[in-house]
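The values are calculated or read from the model by the stated rules, or taken from the named source; none is laboratory data. Fair warning: this is a prediction, and the values are worked out from it, not measured in the lab. Note: ideal-geometry Cβ built from the backbone for every residue, glycine included; neighbour counts use all protein chains shown. The protein model used for the area step is the full one, side chains on, heavy atoms only, and it has no ligands, DNA or RNA in it. Shrake-Rupley method; radii C 1.70, N 1.55, O 1.52, S 1.80 Å.
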Amino acid sequence: SGMGPALVKMQIPAVVAMQYNTVAVDTAGHFSRAFYGALANGVAVDFAVNEARQQLSAGPLLEDRDWSTPVLYMGARQGRILALPQQAAGDVDQAWQALQAAVQASAQQKEQAEAELAAAEEADRLRR
């Protein structure tokens, strides 16, 4: 009765969905990195989900329900739903690192802009 099962009914071989309405950004990031990294290394999708969930449960997220948030819906009998060349693993890791660097740079720019705004507001307040 959710999106995952509906997509499987449409003959999508496997769907990873989040079973709660909200997902912490850290949870999604940790899960995605482990999951897609495992897929890129040729791990079957069901094992990749399990591996990624285990990594979530091994960290500070075990106290929350976050480790159990990702759920796999399978429409295929086997978990090996794609085959990537070996070089893809390095490409996935490189893309992930680039994304993390962009997010970090964006966060730093936001912090800098907020600090500049606060300084300008303080200077304006002192002039009054």
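If you go through the range 111-118 one residue at a time, do you hit one that is closer than 17 Å to Val15 by Cα and either more than 21 Å from the chain's Cα centre (by Cα) or at pLDDT 85 or above (or both)?
no
Starting from the range 5-28, keep only residues that are small (Gly, Ala, Ser), then list their pairs with residues that are assigned to a loop (DSSP other than H, G, I, E, B) whose Cβ atoms are within a distance under 9 Å, requiring at least 6 positions of separation or different chains.
Ala14/Gly75; Ala14/Ala76; Ala14/Gly79; Ala14/Ile81; Ala17/Gly2; Ala24/Asp64; Ala24/Thr69; Ala28/Thr69
So the check is Cβ under 6 Å with 6+ separation or different chains; which pairs have a first residue in the range 94-120 that's touching a residue at least 24 places away in the same chain (Cβ under 8 Å) and a second one that's open to solvent by 60 Å² or more (accessible area, probe 1.4 Å) and assigned to a helix (DSSP H, G or I)?
Note: pairs meeting the criteria are Trp96/Arg33.
Every residue in the range 21-49 that is outside any helix (DSSP H, G or I) and not hydroxyl-bearing (Ser, Thr, Tyr), please.
Asn21, Val23, Ala24, Asn41, Gly42, Val43, Ala44
Kindly provide the set of residues from the range 15-36 that are in contact with a strand residue (DSSP E or B) (Cβ under 9 Å, 6 or more places away or on another chain) and at pLDDT below 85, ordered by number. Before the answer, list the steps.
Of the range 15-36, the ones in contact with a strand residue (DSSP E or B) (Cβ under 9 Å, 6 or more places away or on another chain) are 15-19, 23, 27-28, 31, 35.
Within the range 15-36, Ala17, Met18, Gln19, Val23, Thr27, Ala28 qualify.
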